[in-house]
Amino acid sequence: MSFLQWTEDLSVDNIVIDNQHRELFDLTNNLIHECKDDKCSPLIGETLSDLLKYAKKHFKEEEKLLREIKYPKLEEHEKMHIDFIFKIAMFCKDVLNGKSSVVEEMIAYLTDWLINHTSSADLDFKNYINQVA
Ligand SMILES: [Fe+2]
Ligand SMILES: [Fe+2]
């Protein structure tokens, strides 16, 4: 499993949101680090809860910004965030119940979703931020 790396081309021209994206990548990397070779550290449940908490905070702040800039695809964007939280919460429940078999699938989902969402749906609102600025 490869680590996530935040690069300048993912910037949405908003330092707060960019830093939150970096933090989400870091938390995901901690998770990957804690689950090497099918062996997960006992810390994984805690890391996963931290990630879920942080993702919720980030989505809330991002959606607030999108509302402020009157982003036309806000509703669609919120739906993506809700789906992600729902899915990660399900994985989190399984992991906390000792179902370690889902970890690999969860990390694959998490990394794919974060990379795709940050590099496409989130980058899409960058133009609107620049229009307002
Ligand atoms: Fe985001
Ligand atoms: Fe987003």
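One table, with the values for the structure above:
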read-out	value
Among (1) under 15 Å from Phe59 (Cα atoms); (2) away from ligand 2 (no atom under 16 Å from the Cβ), the one test that Asn130 misses	(1)
Check on Val16, in a helix (DSSP H, G or I) and modelled with pLDDT under 95	no
All positions within the range 53-77 that are touching a residue at least 12 places away in the same chain (Cβ under 8 Å) and more than 15 Å from ligand 2 (Cβ to nearest atom)	Lys70
Any hit, the range 90-108, residues being free of Cβ contacts under 8 Å to residues at least 24 places away in the same chain, closer than 28 Å to Asp124 by Cβ, among the charged types (D, E, K, R) and surrounded by 14 or more Cβ atoms within 10 Å (Cβ to Cβ)	no
Subset of the range 14-41 [of a type outside the set (Phe, Trp, Tyr), under 22 Å from Lys64 (Cβ atoms) and touching a residue at least 40 places away in the same chain (Cβ under 8 Å)]	Asn14, Val16, Ile17, Gln20, His21, Leu24
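The values are calculated or read from the model by the stated rules, or taken from the named source; none is laboratory data. Everything numeric in this text was worked out from a predicted model, so none of it was measured. Because the Cβ atoms are built from the backbone with ideal geometry, glycine has one as well, and the counts that use them run over all protein chains shown.
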